[in-house]
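Asker: One structure coming up, written as structure tokens, with questions to follow.
The values are calculated or read from the model by the stated rules, or taken from the named source; none is laboratory data. Predicted model, so just to flag it, every value in this text is computed and none were measured. Cβ: placed from backbone, ideal geometry, glycine included. Neighbour counts: every protein chain shown.
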């Protein structure tokens, strides 16, 4: 049976692949889509390695 964390992680990785594919088809979007993909992959890794972990929010930024 698939856990919620596994499902969420797979959805994030699928989204990352979508962003990569989109960036590969449109040169104007490549840089932004690569950044999006990297972020989604990072969050998926966080879920897989430490599903109960917390991320501290930067101070002084938008919330």
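Asker: Taking interchain pairs and intrachain pairs at least six residues apart, which have beta carbon atoms under 9 angstrom, with the first residue in segment 1-26 and within 12 Å of residue 41 (Cα to Cα) and the second loosely packed, with under 13 Cβ neighbours inside 10 Å and at pLDDT below 95?
Answerer: 10/2
Asker: Return only the number of the condition from (1) at pLDDT 95 or above; (2) surrounded by 11 or more Cβ atoms within 10 Å (Cβ to Cβ) that residue 25 does not satisfy.
Answerer: (2)
Asker: Also: In segment 1-20, what residues are over 11 Å from the mean Cα position of the chain (by Cα) and either within 17 Å of residue 50 (Cβ to Cβ) or exposed (fewer than 12 other Cβ atoms within 10 Å of the Cβ) (or both)?
Answerer: 1, 2, 3, 4, 5, 6, 7
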